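Trainee: Encoded as C-alpha cells, here's the structure I'll be asking about.
The values are calculated or read from the model by the stated rules, or taken from the named source; none is laboratory data. Note that the coordinates shown come from a computational prediction; the quantities given were computed from them, not determined experimentally. Methodologically, a virtual Cβ is constructed for each residue, glycine included, from the backbone with ideal geometry; neighbour enumeration extends over all protein chains shown.
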Amino acid sequence: MDPGHAPHAAPGCVLPTDEGGFSCWSCAVLLVAVTALLLDPAPALADAREDLVAAFHKAMSKGHYTAQVLTEAKGRPYQSRVAVIFPDRFHLRTPDSEMVILPEGTWMQAGGQWMKVPMDMSRMIRSYSKEAMENGMAGIREVRVEGSEEVEGCLADLYHYEASGEFMGVKSASRLVAAVCRDSGLPVRLVSTGERGEKVTILYDFDSEVTIRPPGG
C-alpha cells in the first residue's frame, strides 16, 4: 500500500549523487525552504520582507504541504517529490528511491522492496526547532518585490532575496525568488540558486490533503 499520498506533488530537494541517494546539499536546500516558513519578522524589517514572512506564516498555518522539486545539477535535470505534515512526518520520492520518515521510524524503498532502516531520521529533523531554524536563517536579507507573473494558474508577485546559513553541517548561500499568489496569499513557487550555480525550483501545494503512514499501514 502506498505509504503516503501527495496529490499534485512531489517534493524534496534531492540532488542526484553518484550513489543515487539523498545528498546533504539537497537536504540543506529543503531545510532552507521549510525554514523560510518559520521566520518571525522583526519590527524594523521593510514592508517587502514583512509581506513575504506573512505569506510563509499563512502557509505554515495549513499544517501540511506537498511540493514538486526540479533540480538542475551536474548538467542534468532531476525531479523529486515531498509530502510534509508538520512537525515530523515526511515522505520523499526520487526516481531512484523513496523514504518515509515518521516519529516511530524511517523506511526506505529501493528496487521495489521496503525496509526499516536503523537510522532515526525523524530525530534529526526534530532537532531543527523553530528557534534553531530562526537562528540559522538570521542571514536572510535584501528582500524586494520585482514584477509578477502567472504561476500555477494564479497571478503571483515575485519576492527576490538572499539567504545564508548552515544546515545539517552544510554551509550555504543562495539567491532566492519566491512567487506569492495574490488571490490566496500563499507561496506557490520558490527558486533557489546556489553559489556554484545549482538551481532548485520548488512548486508548492498547500491545499491538497496529505496522508503519510508506514509502508503497509
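Trainee: Picking from Met137, Met121, which residue would you name as being at pLDDT below 80 and under 15 Å from Val53 (Cα atoms)? Let's see the steps before the verdict.
Mentor: Working: Met121 fails: under 15 Å from Val53 (Cα atoms).
Result of the check over Met137, Met121: Met137.
Trainee: From the list Glu166, Glu162, which residue is out of contact with any helix residue (DSSP H, G or I) (no Cβ under 7 Å at 6 or more places or on another chain), of a type in the set (Asp, Glu), outside any loop (DSSP other than H, G, I, E, B) and modelled with pLDDT under 90?
Mentor: Working: Glu166 fails: out of contact with any helix residue (DSSP H, G or I) (no Cβ under 7 Å at 6 or more places or on another chain).
It is Glu162.
Trainee: With within 13 Å of the chain's Cα centre (by Cα) and β-branched (Val, Ile, Thr) as the only criterion, which of Thr94, Thr66 stands out?
Mentor: On the way: Thr94 fails: within 13 Å of the chain's Cα centre (by Cα).
None of the others qualify; the one that does is Thr66.
Trainee: Next up: May I ask you to list the residues in the range 102-115 that are more than 21 Å from Pro87 (Cα to Cα) and at pLDDT 90 or above?
Mentor: Keep residues of the range 102-115 that are more than 21 Å from Pro87 (Cα to Cα), which gives 109-115.
Within the range 102-115, Gln109, Gln113, Trp114, Met115 meet the criteria.
Trainee: Checking Ile85 against (1) within 15 Å of Pro215 (Cα to Cα); (2) in contact with a strand residue (DSSP E or B) (Cβ under 6 Å, 6 or more places away or on another chain), which single condition isn't satisfied?
Mentor: The failed condition is (1).
Trainee: Would the range 140-153 turn up any residue that is at pLDDT 90 or above, under 18 Å from the mean Cα position of the chain (by Cα) and among the β-branched types (Val, Ile, Thr)?
Mentor: Yes; the residues of the range 140-153 include at least one that is at pLDDT 90 or above, under 18 Å from the mean Cα position of the chain (by Cα) and among the β-branched types (Val, Ile, Thr).
Trainee: Only one residue in Ala48, Ala33 is at pLDDT 85 or above, closer than 24 Å to Val188 by Cα and either crowded, with 16+ Cβ neighbours inside 10 Å or in contact with an Asp or Glu (Cβ under 7 Å, 6 or more places away or on another chain) (or both). Which one? I'd like the intermediate steps shown before the answer.
Mentor: Details: Ala33 fails: at pLDDT 85 or above.
Step by step, each of Ala48, Ala33 is checked, and only Ala48 is at pLDDT 85 or above, closer than 24 Å to Val188 by Cα and either crowded, with 16+ Cβ neighbours inside 10 Å or in contact with an Asp or Glu (Cβ under 7 Å, 6 or more places away or on another chain) (or both).
Trainee: Arg76 is checked against (1) more than 17 Å from Ala178 (Cβ to Cβ); (2) modelled with pLDDT of 85 or more and fails just one. What number does that condition carry?
Mentor: (2)
Per-residue answers, yes or no, for (1) of a type in the set (Asp, Glu); (2) surrounded by 20 or more Cβ atoms within 10 Å (Cβ to Cβ):
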residue: Arg175; (1), (2): no, no
residue: Ala178; (1), (2): no, yes
residue: Cys181; (1), (2): no, yes
residue: Ser184; (1), (2): no, no
residue: Leu190; (1), (2): no, yes
residue: Glu195; (1), (2): yes, no
residue: Val200; (1), (2): no, yes
residue: Asp205; (1), (2): yes, yes
residue: Glu209; (1), (2): yes, no
